[in-house]
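Single-structure report; data block below.
The values are calculated or read from the model by the stated rules, or taken from the named source; none is laboratory data. Note that the structure is a prediction, hence the values are computed from the model and not measured. Neighbour counts run over all protein chains shown; Cβ positions are idealised from the backbone, glycine included. Heads up: the accessible areas ignore ligands, DNA and RNA and are worked out on the full protein's heavy atoms, side chains in. Shrake-Rupley method; radii C 1.70, N 1.55, O 1.52, S 1.80 Å.
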Amino acid sequence: MSYPSFVEIVEVGPRDGLQNEKTPVDVATKVEFIRLLRHAGLKVIEAGAFVSPKWVPQMADSAAVYAALPKDEGMRYPVLVPNMQGMQAAMAVGVREVAIFTAASESFTQKNINCTIDESFVRFAPVMDLARAHDVRVRGYVSCVLGCPYEGAVAPDAVAEVAERLIKIGCFEISLGDTIGIGTPETTQAMLVAVKKAVPVSQLAAHFHDTYGRALDNLRIALDHGIAVIDVAAGGLGGCPYAPGALGNVATEKVVALLDSLGVQHGINAQDVAKAANYIRGYL
Ligand code: HMG
Ligand code: MG
């Protein structure tokens with residue numbers, strides 16, 4: 001197997017990690033969690049989501065969290081936006097990078113963002129226009145790339161099609177979400193073969209949940225395909241409120257250990273990540 005020499009780690013703990021937690025986490029605690037993650041060397045930290053507070057109350061304070069973050073050079077704090085309302089709210093606090101999100105499964109899209117896949121692209125069009133006009137970078141998420149909690153198996157070609165559409169509207173990168181951690185090395189392999197025909201691997205990221213303890217095995221397949229961006233959450237926090245069974249994202253610490261074992265550079269200090277994870281766990 002051959003792996004990239006450097007992997008960019010995208011820490012999604014403050015968003016994906018906290019969006020499903022029953023215990024409310026106040027702004028100051030979220031900001032301190034992000035500070036500790038920065039201290040561990042993480043340069044891309046998903047800081048929140050500008051979604052409906054009725055749908056995901058845990059993210060209702062994202063504007064206040066974002067406003068409190070130190071915006072030093074080299075740091076990126078993307079936030080999720082589902083529509084123009086979220087985009088405008090994010091831009092009002094000066095967000096420089098956002099992530100739009102849809103899925104390769106109609107049922108999941110309906111449950112998660114209350115529309116069809118096609119309708120999600122109708123919502124994205126003005127978001128992309130605004131982003132372009134203001135030089136805001138946009139990442140695209142495709143959920144359910146290895147299976148759907150409502151529909152079961154998802155065809156690799158369906159994933160490739162949605163990923164390609166997101167690239168065509170202007171996303172700089174596509175994060176492939178195994179939302180419920182159902183993937184295996186075999187299904188990961190088949191999905192990536194299909195997606196790479198539609199999107200250059202340099203624009204792909206792996207966003208794997210570790211529900212069944214297979215995320216690391218699946219990530220090895222992704223690395224072997226040349227994927228050099230991996231989404232993680234400190235302490236393995238996380239889950240999607242609209243995906244029953246979606247447990248934690250793959251833990252930052254585990255991915256760092258995997259990369260170390262493969263001789264892949266990452267720039268993260270595992271002990272400091274553990275401190276950040278312990279800090280936030282103390283609140284949950
Ligand atoms: P809707 O109800 O269809 O929206 O929700 P609407 O446009 O009809 O508006 C209804 C109400 O929502 C209105 O308020 C709007 O103002 C408000 P009301 O008049 O009733 O008081 N509203 C908003 N409020 C704040 N921010 C907004 C916003 N938009 C509308 N941006 C909507 C549609 C998309 C808003 C809703 O379904 C939603 O917020 N969904 C978000 C679900 C979510 O955040 N899921 C978790 C993230 S995805 C994930 O975890 C997967 C990922 O990690 C990858 C993976 O693992 O696969 C990314
Ligand atoms: Mg996720």
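Extension gain, A155 to Y283: 0.36 nm times the residue separation minus the Cα-Cα distance gives 42.1 nm. Among beta bridges from DSSP that stay inside region 118-237, the antiparallel ones total about 10%.
Solvent-accessible area of region 1-108 (1.4 angstrom probe, protein heavy atoms only): carbon and sulfur portion equals 56 percent.
When a/c reaches 1.5 or more, the comparison of a/b and b/c decides; with that in mind, is region 178-282 rounded, prolate or oblate per its Cα gyration tensor? In terms of gyration-tensor shape, oblate. Binning the C-alpha pair distances of region 1-115 at 10 Å intervals from 0 yields a P(r) profile of 13, 44, 30, 11, 1 %, listed from the shortest bin outward. Within region 156-198, name every residue whose backbone N is under 19 Å away from a label modeled 7 Å from Cα of T116 along the Cβ vector. What the label zone holds, given the 19 Å backbone N cut-off, is 158-166.
If a spin label sat at a point 7 angstrom from the Cα of R220 along the line to its beta carbon, the backbone N atoms of region 1-44 nearer than 14 Å would be those of 1-3. Springs between alpha-carbon atoms under 10 Å, Gaussian network over the chain: tell me which of N20, N269, N218 tops the mean-square fluctuations. Of N20, N269, N218, the Gaussian network model singles out N269 as fluctuating most.
Taking every protein chain into account, the accessible area of the chain amounts to 40 square angstrom per residue (probe 1.4 Å). The average projected area of region 100-254, computed from the convex hull of its Cα atoms over all directions, is 8.3 nm². The charge dipole of the chain, taken about the Cα centre with unit charges on the Cβ atoms of Lys, Arg (+1) and Asp, Glu (-1), comes to about 380 debye, rounded to the nearest 20. Restricting region 87-162 to GluC sites (Glu not before Pro) that sit in a DSSP loop and have at most 16 other Cβ atoms within 10 Å of their own Cβ leaves E151.
Which residues does a label at M84 reach in region 109-132, if reach means a backbone N under 16 Å from a point 7 Å past the Cα toward the Cβ? Under cut-off, by backbone N: 119-132.
Pull out the extension gain between A257 and S202, defined as 0.36 nm times the separation in residues minus the alpha carbon to alpha carbon distance; nm, one decimal.
Going from the current span to full extension adds 17.5 nm.
Of all the stretches in the chain, which is the longest one without any exposed loop site, taking trypsin sites (Lys or Arg not before Pro) in a DSSP loop (any state but H, G, I, E, B) with at most 11 other Cβ atoms within 10 Å? The longest such stretch corresponds to 72-196. Helical runs (DSSP H, four residues minimum) scored at -39500 (n - 2.57) apiece and divided by the length of the chain put the mean residue ellipticity at 222 nm at -12000 deg cm²/dmol.
Look at the dipole of region 125-284 built from charges on Cβ: of I230, G181, Q271, the Cα furthest out on the positive end belongs to Q271.
Shape verdict for the chain, please, from the Cα gyration tensor: rounded (a/c under 1.5), prolate (a/b greater than b/c) or oblate. It is rounded, given that a/c, with a ≥ b ≥ c, falls under 1.5. Distance from the C-alpha centroid of region 3-82 to that of region 143-180: 22 Å, rounded to the whole angstrom. Computed log10 I(q)/I(0) for region 113-166 at 0.20 Å⁻¹: -0.81, from the Debye equation with unit scatterers placed on every C-alpha and solvent omitted.
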